[in-house]
Amino acid sequence: MLRTHTAGSLRAEHTGQTVTLTGWVDRRRDHGGVAFIDLRDASGIAQVVIRDEAVAHPLRSEFVLQVTGEVSRRPEGNENPNLPTGEIEVLASDVVVLNTSDALPFQVSTALADTETIGEEARLRHRYLDLRRPAPSAAMRLRAKVNQAARRVLDAEDFVEVETPTLTRSTPEARATSSSPRACPRAPGTRCRSRRSCSSSCSWSPAWSATTRSHAATATRTSAPTASPSSPSSTSR
């Protein structure tokens, strides 16, 4: 078993239980032979106490650990009201390093969220790290929750979600792409001026080849209603 609990789920009612946690080393503090590790996972942070200096010494930021130990209340006066797990700590009896980490170009620790300024170029170059920082991570989670809420509402109304690639099919040579017809807000018999807008609002696909477009134009002229001489032309330029 990889873990029994998530780090952010531990509370005072778990006191006395033996748990197994996994996560990243968010921060490390040494106090006279006792190491305090903030173990971070997607759910939050739990403080781990390691009393074996030989075990704690090689641990660095962003190492991935599996920690087994007993949940204990923090000594009076050492509680952290800023953390949901601030009333407890885990007294480690076994620590396994699942993965190590090289020095990072910038820290992703939650403790440095408001104290470290990172250049945009570094953030974009190391996007996989930037998305693990508190603010971008919170934005991604919020977006996921909004999408889930929208999907729940649509699902309750019996909507069917169909992704755009499902509506298209390319030939084996990839020379042409057939697109499922959709209602177009433009006048009947007219061609859309913008291929980009067509791909999102009607059946015209931006991937059509010149040959396919010419056939489509011929079919449109054949099926389009005849415009009167005095009325404006129904075919776009």
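The values are calculated or read from the model by the stated rules, or taken from the named source; none is laboratory data. On a predicted model such as this, the values are computed, not experimentally measured, just so you know. Methodologically, a virtual Cβ is constructed for each residue, glycine included, from the backbone with ideal geometry; neighbour enumeration extends over all protein chains shown.
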Those residues of segment 12-69 which are surrounded by fewer than 16 Cβ atoms within 10 Å (Cβ to Cβ), more than 22 Å from residue 109 (Cα to Cα) and not hydroxyl-bearing (Ser, Thr, Tyr), in sequence order: 12, 13, 16, 17, 32, 33, 51, 52, 53, 54
Unique match (being modelled with pLDDT under 90, closer than 29 Å to residue 12 by Cα and among the β-branched types (Val, Ile, Thr)) among 71, 108: 108
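Among the strands (runs of 3 or more DSSP E) confined wholly to segment 1-90, which include 2 or more residues that are out of contact with any Leu (no Cβ under 9 Å at 6 or more places or on another chain)?
18-31, 34-41
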Residue in segment 110-122 that is among the polar types (S, T, N, Q), assigned to a loop (DSSP other than H, G, I, E, B) and in contact (Cβ under 8 Å) with a residue 60 or more places away in the chain present: no
Candidates 42, 92, 46, 103 - the one that is more than 14 Å from residue 23 (Cβ to Cβ) and of a type in the set (A, V, I, L, M, F, W, C): 103
